[in-house]
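Undergrad: One structure, pasted below without further comment.
The values are calculated or read from the model by the stated rules, or taken from the named source; none is laboratory data. Since the structure is predicted, the reported quantities are computational estimates derived from the model, not experimental observations. Please note: Cβ atoms are built from the backbone with ideal geometry, for glycine as well, and neighbour counts cover all protein chains shown.
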Amino acid sequence: MNTQLAAIFGYIDGNLNRFVEELLPLIRQPSISARWEGVEECAGLLAAAMEQVGIRTHLLPMGGKRNPPLVYGEILNPAARKTLLIYGHYDVQPPEPLEAWDSPPFEPTIRNGRIYGRGAADNKGQFFAHLKAIEAICAIAGHLPVNVKLLCDPEEEIGSPSLIEYLPAHPERFAADLAINCDGPTDPTGRPRLCFGNRGNFYVEVNARGANRDLHSGNFGGPVPNPAWRLVEFLSTLRHADGTAAIEGFHDNIVPPTPAEKKMAAAIPFDEKYFKEEYGLTRFAPPDDVAFMEKVMFRPTINICGFASGYGGEGAKTVLPSKATVKIDMRLVVNQDPHDMFQKFQRHVRKHGFDDLDVKMLSFYYPARTPVDHPLAPKIIEAIRQGFEQEPVLYPAMGGSFPGATISAGLGIPLVSIPYATADENNHAPNENLVIDVFRKGIRTTTALLYQLAEGG
């Protein structure tokens with residue numbers, strides 16, 4: 001480590017408490033994209049925080065009904081030969097169930113070295129780490145060693161519908177040599193994680209209707225159709241007994257993992273016994289002959305996210321429901337197009353005689369993959385080593401989804417993910433939290449990455 005980088009790391013440690021205090025107002029501001037609650041207000045707070053560290057920042061309306069503001073900033077060095085694009089999002093998941101939180105979700109609280117609050121880890125805290133890295137470098141060195149562009153998405157938690165349209169229409173503005181996304185958890189072992197891709201996703205809602213109102217199950221049960229049973233019958237057509245999709249063409253044209261990706265996946269530490277104990281499992285879902293990591297990274301899935309119909313409260317209510325709704329997400333792998341998959345899903349509905357069901361797609365993401373042997377990979381790995389002072393666990397892909405393909409395929413920029421939150425961050429759940437020391441290591445990692453990219457021109 002050179003002397004200047006050591007001095008910057010010292011600045012980070014010396015100002016960490018202030019950094020944490022400056023993050024809290026962002027967490028305090030709700031920005032729930034699903035309900036469009038506080039999103040514009042949060043955009044203004046974030047833009048001000050970016051300007052404060054010398055980032056030239058713009059709120060870019062992305063069009064559509066809501067015209068959501070993309071928070072975009074750049075800090076350029078005329079002498080720099082490389083450009084890093086940083087992606088993040090400032091919207092958050094709804095905080096419910098509120099009663100499950102140990103402290104109010106939008107009143108950030110520090111306990112046992114963690115910041116608790118909705119958005120602390122997903123993704124305000126992780127994105128804020130980049131701002132503090134920029135501040136630290138400029139405070140010690142006077143300028144950044146590379147150009148940096150930052151974009152913060154207002155709609156990631158609802159599928160980034162505006163960003164997916166907006167970015168490819170403005171490729172020059174977002175051009176870069178490398179893009180990073182710092183979101184999600186580090187490895188369960190506690191080591192940092194580097195991911196080279198992600199699965200895609202498309203999310204559908206299926207509704208069934210019966211009578212025009214709920215009815216007495218004794219007086220009307222039998223002759224009156226039950227929409228809940230209708231959905232159960234439909235759901236039973238979607239999967240084979242081995243867990244694979246029964247939708248015609250679902251697995252067509254899937255690109256298998258490369259030998260390098262298989263080797264990387266096989267090296268990921270995984271304690272099956274501990275995992276099952278942690279999550280209260282006695283077995284994994286089929287197929288039984290496919291490894292855990294292969295299922296998560298390289299196989300598509302069909303998942304029931306929620307099923308609602310009739311009465312689900314305490315005690316008994318003999319009701320014949322008038323409607324039923326199921327929400328389904330399908331994770332996609334390389335070469336699966338969410339629009340093509342939705343068409344196949346609709347054909348399946350018709351083929352099996354369920355034309356009476358109302359089907360709509362709510363959101364989608366394309367899968368993305370950056371080659372694991374990309375020339376910049378060694379520099380990224382070294383930056384993580386310097387920032388976390390640990391060897392990273394390398395993942396060919398992560399199981400979750402985000403608009404990575406819009407950057408990697410749409411803009412032609414290699415993209416990797418480096419999470420700055422722990423495996424128990426509770427993202428999307430009550431008591432979401434950010435470990436302050438991992439936040440510190442994230443700031444260090446972004447700092448080191450900027451210098452690594454500058455080396456060698």
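Undergrad: Can you pull out the residues in the range 240-260 that are of a type in the set (D, E, K, R) and either on the phi > 0 side of the Ramachandran plot or at pLDDT below 95 (or both)? Lay out the reasoning, then the answer.
TA: Step one: filter the range 240-260 for residues of a type in the set (D, E, K, R), giving 242, 248, 252.
Matches in the range 240-260: ASP242, ASP252.
Undergrad: Quick one: is ALA377 of a type outside the set (Val, Ile, Thr), touching a Ser or Thr at 6+ places or on another chain (Cβ under 7 Å) and either within 21 Å of ALA267 (Cα to Cα) or without any contact (Cβ under 8 Å) to a residue 12 or more places away in the chain (or both)?
TA: So ALA377 fails the test.
Undergrad: Hey, among the residues in the range 234-244 that are without any contact (Cβ under 8 Å) to a residue 60 or more places away in the chain and of a type outside the set (S, T, N, Q), which one's surrounded by the fewest Cβ atoms within 10 Å (Cβ to Cβ)?
TA: Per the criteria, the residue is ALA241.
Undergrad: Moving on to the next point. Tell me the residue from ILE75, ILE110, ILE115 that is under 17 Å from GLU172 (Cα atoms), in contact (Cβ under 8 Å) with a residue 24 or more places away in the chain and surrounded by 14 or more Cβ atoms within 10 Å (Cβ to Cβ), please. First the steps, then the outcome.
TA: Numbers: ILE110 fails: under 17 Å from GLU172 (Cα atoms); ILE115 fails: under 17 Å from GLU172 (Cα atoms).
Among ILE75, ILE110, ILE115, only ILE75 is under 17 Å from GLU172 (Cα atoms), in contact (Cβ under 8 Å) with a residue 24 or more places away in the chain and surrounded by 14 or more Cβ atoms within 10 Å (Cβ to Cβ).
Undergrad: Within the range 345-372, how many residues turn out to be surrounded by fewer than 18 Cβ atoms within 10 Å (Cβ to Cβ), over 21 Å from ILE407 (Cα atoms) and not aliphatic (A, V, I, L, M)?
TA: 11
Undergrad: From the set of residues in the range 269-292 that are surrounded by 13 or more Cβ atoms within 10 Å (Cβ to Cβ), closer than 23 Å to ALA241 by Cβ and not charged (D, E, K, R), which is nearest to the chain's Cα centre (by Cα)?
TA: As a first pass, look at the range 269-292 and keep what is surrounded by 13 or more Cβ atoms within 10 Å (Cβ to Cβ): 270, 275-276, 284, 286-287, 290-292.
Those still in the list that are closer than 23 Å to ALA241 by Cβ too: 276, 284, 286-287, 290-292.
Narrowing further to those that are not charged (D, E, K, R): 284, 286-287, 290-292.
Numbers: PHE284: 24, PRO286: 25, PRO287: 26, VAL290: 25, ALA291: 23, PHE292: 20 Å.
It comes out as PHE292.
Undergrad: Take residues that are of a type in the set (A, V, I, L, M), modelled with pLDDT of 95 or more and more than 21 Å from the chain's Cα centre (by Cα) and tell me which of the strands (runs of 3 or more DSSP E) falling wholly in the range 24-108 contain 1 or more.
TA: Where strands (runs of 3 or more DSSP E) fall fully within the range 24-108 and carry at least 1 residues being of a type in the set (A, V, I, L, M), modelled with pLDDT of 95 or more and more than 21 Å from the chain's Cα centre (by Cα), they are 56-61, 69-75.
Undergrad: For residues that are out of contact with any helix residue (DSSP H, G or I) (no Cβ under 8 Å at 6 or more places or on another chain) and free of Cβ contacts under 8 Å to residues at least 24 places away in the same chain, tally how many sit in the range 329-355.
TA: Going through the range 329-355 one residue at a time, the tally reaches 5.
Undergrad: In this structure, is THR237 farther than 16 Å from PHE292 by Cα and within 25 Å of the chain's Cα centre (by Cα)?
TA: Details: farther than 16 Å from PHE292 by Cα: yes; within 25 Å of the chain's Cα centre (by Cα): no.
When the stated conditions are applied, THR237 does not pass them.
A quick yes/no check of all residues on (1) in contact with a Gly (Cβ under 9 Å, 6 or more places away or on another chain); (2) at pLDDT 95 or above; (3) within 26 Å of PHE174 (Cα to Cα):
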position	(1), (2), (3)
MET341	yes, yes, no
ARG350	no, yes, no
VAL359	no, yes, no
TYR365	yes, no, yes
PRO378	no, yes, yes
PHE402	yes, no, yes
